[in-house]
Structures are given as C-alpha cells and as structure tokens.
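**Q** Once you've had a glance at the structure underneath, I'll fire off some questions.
The values are calculated or read from the model by the stated rules, or taken from the named source; none is laboratory data. This is a predicted model, so every value here is computed, not measured. No Cβ is skipped: glycine too gets one built from the backbone with ideal geometry, and neighbour counts run over all protein chains shown. Heavy atoms of the whole protein, side chains included, go into the accessibility calculation; ligands, DNA and RNA do not. Shrake-Rupley method; radii C 1.70, N 1.55, O 1.52, S 1.80 Å.
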Amino acid sequence: MSLALLLFFALPIPDLQDSGSPVSGPVGLSEVRAQDPAPTKVLQTSANTAQVRLDWTSLPFPQMEPGARLGQAMALGDFDGDGWQDLAVSAPGAVRPGGLGEILVAMAAPGGLRKGVREILRVAPPAHQPEFEALEFGAALCICELDDDSAAELLIGAPLSGNGSGTVFVWGIDSLQKPAHMLLGADTLPGRLGHSVAAGDFDGDGRWDLAMGAPLAHHGEHPGGAVLVLSTKAGRRVLAAPRPASGAGFGSALAILDLAPGAPVNLVVSAPDADGEGVEGAGQVWIYSAGLRPIQPTLLTDPDLDLPGPSSFGRSISALGKTLLVGAPDRSPSRAGVLGGAFRYRQELGRPVRLLVQGEEPRPSDPAPSDRARHARLGLRVLAANMLGGAEPDALVATEALFGVEGLEQALLIWPGADPEAKPIALNPPPEAGLRWMQSLAVDSLNSDRACLLAGDPSFGDPSFGVGVMATGSNRGRVMLGVLVPR
C-alpha cells in the first residue's frame, strides 16, 4: 500500500463550513442553464437508419442465485499487469457470509476478453464483527491507481453498510487473492457513502485521488448530500451540497471532465432530486474547478423551469475528455412524445444542448402525446465513449421504451460525435434482454480491432421465470459483450 493511501487514514476531515471555504458555500454561484438549440427539425429515428449492429455473446460468468443482480456495476482495468483488460462486475444482491454483495472479476486470457476468460475471481469484504454487515457491496465501482505498479486497483462502494451509513473498499493493492480492504468505515460520512465513486488527479500532483458520494449525508449545517474527496495533496475533504436542501441527492452520480489536458481534472457532481425555481426534483449538476480550487462550482440545470413535474436532471452523468453528458429521465413529455431527455455540454459552447430524437418537430399547437411516451425515460443511462471511430466522443443514451422503432421496447441510442443534430442510431439489444439490460455500460476495443460494448443486465432472469424484454425475471443478472459490426 502506498504512503499516500496510508495518509488518508491519518488526516481528519475538515469541515468546510467552519473553514469558510467557498467551495461549499451557496453565495455567488456560477450558473449555466441548459438551453435547447434554436428551433430545429427533430430527427427521425428508425430501424433503417442504423448502418451498424451489435453481435452479442454472453461472458462466461457463473449462474447466480435469484436476486443477485449480476451486472449492476462494472469496471474495466488491467488488474494483474499482464497488458490485457480485465472486467470487474458486481452482484450486490448475492448472498454471502456477513452480508450481501460480491464482485466477480473476469481475468482475460492472452489476447484479451474476446479471446476468452482465463479465470473468474470472487471478491468479498473481509470478515467483520457480527453486528456489521457489508450490504450492497459493489453497488458502485471504478478503476483507480493507488500504488506504483502497472496493475489497476478497484474502488468499491457499499452504500447500505453500517445501517445505511455506507462504506468504501479497495481491492487489488496487496494481492488479488485477498479480500477487499476497507478504506472508509461506517460513520465516516453517514448518508449512503459509496453510492457513487470516481477517481482522477484532482490536485495536479500526478497521483490518483478518490471521490465518493453520500447523497443522503447531512454534513454540518448542510443537508442534501455530500462528496468525500481523498487527495494525496490535501488529505480528506468534504464537498457539501452548494445549495443545501434535504433530499437533493448531491453526490448521487460522479464524473470526471478533462477540460485542460495536462492540468488537474474537473470533478462533476449531480444532485438529481434538487428543487429548481418552483419545480420539485428539477435536478442540478455541478462542475468543480480543476484542482478543486476555492472558487464556486459551475451549476448546470434543465432549461425548462415550467415543467409540471420533476426532471431529474443529472440522474445519470458521464464524461470523456471535454464532453459531458447529462440524463434527465423524468423530464415531462415533449410535443414529439419523448419522456425524458439527454444533454451534451462542452465548455467552449458555454451551455448544454439537448440531444433530439423521435419524429419531426410538431407545430406548437399540437398536444403532447403523453400516453404514448409514458414509459420512455430517455436519459436513464448515458455514456460518453469513442465507439464509432470519430474525432469526438459519441453519446450513448438508454431509454426504457422507444416507440416508433419496431421491436425495441428498450433501446440504446447512439449520437455520432455526441452531435445533437446527427441522426441517432438505435443499437439492437441482446437476445432475451431484461428490463434494465443497459444498467451498466462500458466501451472498449478489448485489445482487438473492433469497438465492443459491455452491458450489465442485472434484471436478466431464468427461463422458468419467463424471458423476453418485458419479462420480470429472477434478477440473477448477466453480462453481455456486443461487437460492433456492419449491418
């Protein structure tokens, strides 16, 4: 274990409210409100527009027991330093001694995961006192590098541990055969700590720092959630909700923006249940300055503050390079019949822009066909990834139901280059897909010459429970590998 990591345990957590740091203060906030582009024809999505498809296979994980939810979260990394990408997948509902949740790690065969899986490792927390249960172990995962070797480590959230306080673990520092090590115990920052996790060089010293969300935390005089940052330069630090309000969910999702390559990265934090100006659950997304300097974070919000209900702006977020994607799956139906929304933000444009889909733009007098769109929830998941080989990251956006595309009750759309005016492609789901077949997503070449999509499907069931896209299933879960090929 590195000296920097050991320092995390020795340093107290500063209360930013007492120190007067404006990072957590509500005054003088820099706000950028998401704006829809100028009136533009909304592009039609149809099954004929796609020039590519996914060739699906199932990764050879063992069959889990009902309720295990294999695929809830995933992370790609080279855990043994052999040069091949391995895959860690969580099953937070799996029953084991001392609680719920385990992680299965597929160690790639020579040549990469497309060539095969050399072995499956099972990762669990260490044994604890009988009164402590590590619950929902693996609810959130991310890759990090905490020592000086060539192998990656795995950061693991267990947000229901310690009666809901939450704990965070790390695996892979000493040995791949050892249990995960508890990095932060219960009551470190009570409030579902570990619900979200992220890693990057926040302070610019060349070492990885860690961020962990606690969306139910009440830190000092700041309700509404918090994020704990472990920095090799500044030690432990709590970012409280910039606009404190109970139930805001600050810290529900985290992402890393790299607005200035070579400089410290920017931490992005969502508060999808925060109220807007007269709108409950409008949602907020906050972008912190590089180096977490003591200046106010930038606020992004949904453009329409006249929505009749919650938008959940920031329920899902994803970033790659300078591109940030924001999902708002509860956004009220548009006149084109889309429930939910997804936005792209790039700093040079100054504001987020909505990704458009579903039919031609209707006349303003046309009523919104809300019944048809009731279960769409566009923006349920978003992923910024280089999948189509363009110069800019593509935008992958999941929806529970895509009407107008025959046979796709659930769909994953991809906007080439995250261009709002591009025609989105509906990617074909895997066979017998569960209701949440795109719960966790990752894109990588997997040491091959083709783009591959990894999809965690915790809702997948056993045939005895019924199959098909609308089947409830047993929630055993599975992980699918889709190779992008010409249609």
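**Q** Can you name the residue in the stretch 40-62 that is among the β-branched types (V, I, T) and not in a loop (DSSP other than H, G, I, E, B) and is also modelled with the highest pLDDT among such residues?
**A** T57
**Q** State all residues of the stretch 305-340 that are modelled with pLDDT under 90 and open to solvent by less than 10 Å² (accessible area, probe 1.4 Å); if no residue qualifies, say none.
**A** Hits for the stretch 305-340 are S311, G337, G340.
**Q** What number of residues within the stretch 195-206 satisfy the criterion of being in contact (Cβ under 8 Å) with a residue 60 or more places away in the chain and either over 20 Å from A253 (Cα atoms) or not in a loop (DSSP other than H, G, I, E, B) (or both)?
**A** 4
**Q** Condition (residue is surrounded by fewer than 20 Cβ atoms within 10 Å (Cβ to Cβ) and under 25 Å from E145 (Cα atoms)) applied to the stretch 208-218: is it met by at least one residue?
**A** No, the conditions are met nowhere in the stretch 208-218.
**Q** Of the residues A241, A234, only one is buried (at least 24 other Cβ atoms within 10 Å of the Cβ) and of a type in the set (A, V, I, L, M); which?
**A** After ruling out the rest, the residue left standing is A241.
**Q** Name the single residue that is most open to solvent (accessible area, probe 1.4 Å) among those in the stretch 93-138 being farther than 19 Å from I173 by Cβ, under 23 Å from the mean Cα position of the chain (by Cα) and at pLDDT below 95.
**A** Among those residues, the one meeting the criterion is L100.
**Q** Something else: Quick one: which residue in S161, S150, S196, S175 is at pLDDT 95 or above and either hydroxyl-bearing (S, T, Y) or crowded, with 22+ Cβ neighbours inside 10 Å (or both)?
**A** Among S161, S150, S196, S175, only S196 is at pLDDT 95 or above and either hydroxyl-bearing (S, T, Y) or crowded, with 22+ Cβ neighbours inside 10 Å (or both).
**Q** Quick check on D258: is it open to solvent by 10 Å² or more (accessible area, probe 1.4 Å), among the charged types (D, E, K, R), within 21 Å of H222 (Cα to Cα) and within 22 Å of the chain's Cα centre (by Cα)?
**A** For D258, the condition - open to solvent by 10 Å² or more (accessible area, probe 1.4 Å), among the charged types (D, E, K, R), within 21 Å of H222 (Cα to Cα) and within 22 Å of the chain's Cα centre (by Cα) - is not met.
**Q** Please state which of the following conditions G417 fails to meet, knowing it meets all the rest: (1) outside any loop (DSSP other than H, G, I, E, B); (2) out of contact with any helix residue (DSSP H, G or I) (no Cβ under 8 Å at 6 or more places or on another chain); (3) buried (at least 21 other Cβ atoms within 10 Å of the Cβ); (4) at pLDDT 90 or above.
**A** So G417 meets the others, but not (3).
**Q** Taking the stretch 212-238 as the region of interest, how many residues are more than 20 Å from G157 (Cα to Cα) and assigned to a strand (DSSP E or B)?
**A** 1
**Q** If you don't mind, another one. Does Q85 satisfy the criteria of being modelled with pLDDT of 90 or more and within 20 Å of C142 (Cβ to Cβ)?
**A** Yes: the conditions hold for Q85.
**Q** If only one of A274, A263 is buried (at least 24 other Cβ atoms within 10 Å of the Cβ), assigned to a loop (DSSP other than H, G, I, E, B) and among the aliphatic types (A, V, I, L, M), which one is it?
**A** Checking each option against the conditions leaves just A274.
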